[in-house]
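Only one structure is covered here, and it is reproduced in the block below.
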Amino acid sequence: MSFHDRVLVVAYCIVVALFSFLAFLLALGWEAPGAFMGNLLGLRSALVGGILSLVMLLASFRLFYLFAIRRPTGGTLVYPGELGEVRISLTAMENLVRKVAGSVSGVKEVKSSAVLAQDKQIIVRVQVGVGADVNIPELSSQLQKTIGDHLLAVVGVTVEDVHILVANIADSTKRGRVE
């Protein structure tokens, strides 16, 4: 929801609360709000009342669209469970990929992203920094296999592709890794 939509919700709630409060006072028998409402909606204020009604109607349509129309969630995998559905966010899978890729020997730094593909499969993109003494083709194959196997074992999702980008070759003398 954008900032403008949030402002619209707040303004709409304030106007509806004000009219509800005035209606409540009218129901209790107080006549001053009745005179105010009569003046507001009288012939000399018909233009103001019409504009206010149109704005409220447009705000109602916008809020109905925001809250009633369900948009598909692209950031989660949904599995039916025994007691209800289970949702796993792509962010959780990305964090898992970072942890798994970071545990592979020779990997110095990791950035990852996951994208939903069809049939509950995902595409993983991993950007790594490796040591200078690492065989990159072997490390890439090991990363692809390790990430695919781990996501299948832990999350239960089949990885369609694992794209590896070696973004940096780090000097292994600067940062020692404790194994």
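Taking the stretch 94-118 as the range and being more than 20 Å from ILE136 (Cα to Cα) and out of contact with any Asp or Glu (no Cβ under 9 Å at 6 or more places or on another chain) as the test, the residues that pass are GLU94, ASN95, LEU96, VAL115, LEU116. As a summary of the residue check, GLN142 satisfies the conditions (1) at pLDDT 90 or above; (2) surrounded by 13 or more Cβ atoms within 10 Å (Cβ to Cβ); (3) not in a helix (DSSP H, G or I) except for the one numbered (3). The set of residues in the stretch 104-123 being closer than 17 Å to VAL155 by Cβ and touching a residue at least 40 places away in the same chain (Cβ under 8 Å) consists of LEU116, ALA117, LYS120, ILE122, ILE123.
Could you say whether any residue in the stretch 125-137 is within 22 Å of the chain's Cα centre (by Cα) and assigned by TED's automatic domain parsing to the domain that holds LEU165? Outline the logic, then answer.
Within the stretch 125-137, the subset within 22 Å of the chain's Cα centre (by Cα) is 125-126.
In the following step, the residues that additionally are assigned by TED's automatic domain parsing to the domain that holds LEU165 were identified as 125-126.
Yes, some residue in the stretch 125-137 is within 22 Å of the chain's Cα centre (by Cα) and assigned by TED's automatic domain parsing to the domain that holds LEU165.
Every listed requirement among (1) over 18 Å from GLN127 (Cβ atoms); (2) modelled with pLDDT of 85 or more; (3) among the acidic types (Asp, Glu) is met by ASP171 save one, (2). Taken over the stretch 156-168, the residue count meeting the criterion of being surrounded by 15 or more Cβ atoms within 10 Å (Cβ to Cβ) and part of a strand (DSSP E or B) is 5.
The values are calculated or read from the model by the stated rules, or taken from the named source; none is laboratory data. From a predicted model like this one, the values you see are computed outputs, not experimental measurements. Heads up, the Cβs are rebuilt from the backbone with ideal geometry, glycines too, and the neighbour counts pull from every protein chain shown.
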